[in-house]
Structure formats: structure tokens, C-alpha cells
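Inspection log for the structure reproduced underneath, given as C-alpha cells.
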């Protein structure tokens, strides 16, 4: 059974990666930087967390909604298959139900796998929201202290005037 379990877990990871992982990449690193005293998070990174990350969460919600819709469609099809099998099969009611359950076992596993993905995404969204709240607190504290760093364009070099040691500018 371990190979079957591994296959299912790999499939779950692939589906998560395909549809959701890109939305959450880099958040763990930002969280570590948020906690770090040796390499503190920059104002630009805080700004990204406060402005772009909430918008990313809207996209995640849309993808999650599609996943849950697919899950519900599968559940409906499971019920139809079970009902149709029970109506057409021979045997006692108990036998028919047991055989119908075996007929839809893989479909039920797919529903459970989708549920696993949805729970994982929900946990990641909660982490993102906590990251946003923490970033807001740091942003507000820096703003109150006046320590927000101005945006500096380092792309081009600036010509500085020569300085004379007697205190005058040439």
C-alpha cells in the first residue's frame, strides 16, 4: 500500500504546485526576514506584503473556488453512479450498496485528495494573512519612529561635486 499512498501524495503535491504554489512562493523567506534581527526586512518588502500579497490572495480564492466546484461535481457523479448501480444490479440491498461503494472508491479518493489540497491552501492563506498583519505592525512602528527609508534610485550614478577639505565646494 505504501506505493499507492506515495502516488496519491505525489499527485496531491503536483496539483498543489500546478495551481497554488506560485502564489505563496517566497512567503516563508519573508517571514524569516520579518523575524530576523541580523537581516531585517526592507521597506520595499514590507510594501510588497501590504499591497501585492492581498491581491494574490484574491487570485488564490478564485483557484480554490474552482477546485471546490470540481470536488462538488465529483460528489454528484458519485451519487449518480451509486444510484444507477443499485437500481440496475441484482442481489440484496446490502450487496448492491457494497458493490456500488467499491465502484466509486477511486472517485471518493479523488474527493478526499481535493479536500487535502483545499485544506493546505486554506492553511497557507491563513499564514499569508498573519504575515500581512505582522508586516503592517512593523510598517506602522517604523512610520511612527520616522525610520521608513526613502526610496533611493541606485540604478545610475550621481555626480557629486568635489569637496575641498577647507569646507567649500568646488
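Bear in mind these aren't lab numbers, they're just calculated from the coordinates by the rules spelled out. Keep in mind that this is a model prediction, so the values were computed, not measured.
Here are the numbers for the structure shown:
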| read-out | value |
| --- | --- |
| Relative contact order, percent, the chain [alpha-carbon distance under 8 Å, six or more residues apart] | 28 |
| Stretchable slack from residue 103 to residue 129, in nm (0.36 nm times residue separation minus alpha-carbon distance) | 5.2 nm |
| With Cα atoms, 0 to 90° folded angle of helix 105-145 axis to the chain main axis | 20 |
| Globularity index of the stretch 24-145, i.e. its alpha-carbon radius of gyration over 2.2 N^0.38 Å | 1.70 |
| Segment residue 70-residue 88, extension gain: residue separation times 0.36 nm, minus the distance between their alpha carbons | 3.8 nm |
| Acute angle (nearest 10 degrees) that the helix 93-103 long axis makes with the longest principal axis of the chain, alpha-carbon atoms | 40 |
